[in-house]
1. Is it fair to say Ser376 is buried (at least 21 other Cβ atoms within 10 Å of the Cβ) and closer than 30 Å to Ile124 by Cβ?
2. In this structure, does Val263 turn out to be surrounded by fewer than 22 Cβ atoms within 10 Å (Cβ to Cβ), assigned by TED's automatic domain parsing to the domain that holds Phe131 and under 15 Å from the mean Cα position of the chain (by Cα)?
3. What is the one condition in (1) farther than 24 Å from Asn219 by Cβ; (2) of a type outside the set (A, V, I, L, M); (3) crowded, with 16+ Cβ neighbours inside 10 Å that Gln71 does not satisfy?
4. Kindly indicate whether Thr285 is touching a residue at least 24 places away in the same chain (Cβ under 8 Å), among the β-branched types (Val, Ile, Thr) and more than 30 Å from Phe363 (Cα to Cα).
5. Being at pLDDT below 95 and farther than 17 Å from Asp314 by Cβ is the filter here, so list the residues in segment 200-221 that pass it.
6. Checking the condition at negative phi, in contact (Cβ under 8 Å) with a residue 60 or more places away in the chain, touching a Gly at 6+ places or on another chain (Cβ under 7 Å) and not assigned by TED's automatic domain parsing to the domain that holds Leu221, which residue from Thr19, Thr31 passes?
7. Quickly run through segment 49-71 and pick out the residues that are closer than 12 Å to Leu148 by Cα and part of a helix (DSSP H, G or I).
8. Are any of the residues in segment 67-89 in contact with a Cys (Cβ under 8 Å, 6 or more places away or on another chain) and of a type in the set (Phe, Trp, Tyr)?
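The values are calculated or read from the model by the stated rules, or taken from the named source; none is laboratory data. Here the structure is a predicted model, which means the values were calculated and not measured. Backbone-built Cβ (ideal geometry, glycine too); neighbour counts: all protein chains shown.
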Amino acid sequence: MASSSKIIVVGGGIAGTMTALELQRRGQNVTLIDRWEPGHSRAASTDYNRVIRAISGRDEFYTRWARDSRQRWLELQAESGQNLMYECGALILATEGHCDWEDATAETFNRVGVPYQRFSQNEITAHFPQFKVDDIAYALFEPEAGLLMAHRCVLTGIDLFKKAGGVVQRGRVTTDGNEKPMLDGKPLEADVIIIATGAWAADMFPRTIKPISAIIGINVLYTSTPDGSEEFDMHKMPCWIDHGQGSFGIPSSEGSGVKAAVVIPDKIDLDNDERLIKQQSLTRTRSYITRRLPKLDGEKIVDSKFNQVILTPDTHFVVDWHPEHENVLFAGGCSGHLFKHGPVFGDFVAGVALRDYGTADRFKLGPRKKLSPKESPSGR
């Protein structure tokens, strides 16, 4: 490829932003196109925060990527002067009788050298009395995990991209009957076109992406912390993952309230549905908070988010060339665990886009199959 190529990145979430930034810094001529303004509320990369953790079951690949990304986020934080990451730790709760993913994570941490502690039920209560853990066999605590300020991370990435000479353009990219990308009815022209449109990629590419994708809605609640108490703030409480309850959460960060999600796969019409939490999820999440965080029982819901995830059968990402259009590269398939990998993902996609190397087998379009909880990097 020429030393400076014209590259278009479609989609300004974390995948597209980090890819565009990396390519621009490599001396390419990059334009980033999104339908809405950077950081908009319909993106999967919106919301206040996201968990960053190396916990990935048996999967050493993502474990190493997460550790690398942690370092890169810290570097971006130092460069930008923005608070992008808080290392409050992450607690993974292993439900009695259903610990395959957690057992596999401990083995991987030992191989890779990720710092962690294993807590018994009594030790969990001693360290983190916020949690009621009568059904928990043990927990793994990863002290160098924590949270990313998601919205700020995207906006900071966009700002760094612009400062490096990148161009941000507003527009809606569609595809024709042959899945060729179009803008305003005309074919997009560039040396490389990178598709990082998240869940929208499935409908844009009905032959290549839709067959290996499921689009689900995720409901998230933010609960007020108790009057006069710091117990649920991030300097006192870690992020947590609770697979036995299909849940995860984040302590109150910068006044957000405690974030909790009970993952109930929900259908979503990306273009027509309102981004409002469903009553069923409100009831289920309140019930979960009462069970796992009883000191929050009766506290008021102060915010909520309804978002979407594009889920692949094996929960691996998608980084692969379109089988018919040699200059179209897919970059996404987030499966709910891409955000934390943003800087490393962008670096990898940039290398594939410049044909410095091929993609990884796990990222190819297909075929894909569902993995067991022990084998799955996301535990799903």
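1. In short, yes.
2. Yes: the conditions hold for Val263.
3. (3) is the only condition that Gln71 fails.
4. Against the criterion (touching a residue at least 24 places away in the same chain (Cβ under 8 Å), among the β-branched types (Val, Ile, Thr) and more than 30 Å from Phe363 (Cα to Cα)), Thr285 qualifies.
5. Within segment 200-221, Gly217, Ile218, Asn219, Val220, Leu221 meet the criteria.
6. Thr19
7. Passing the criteria: Ser69, Arg70.
8. yes
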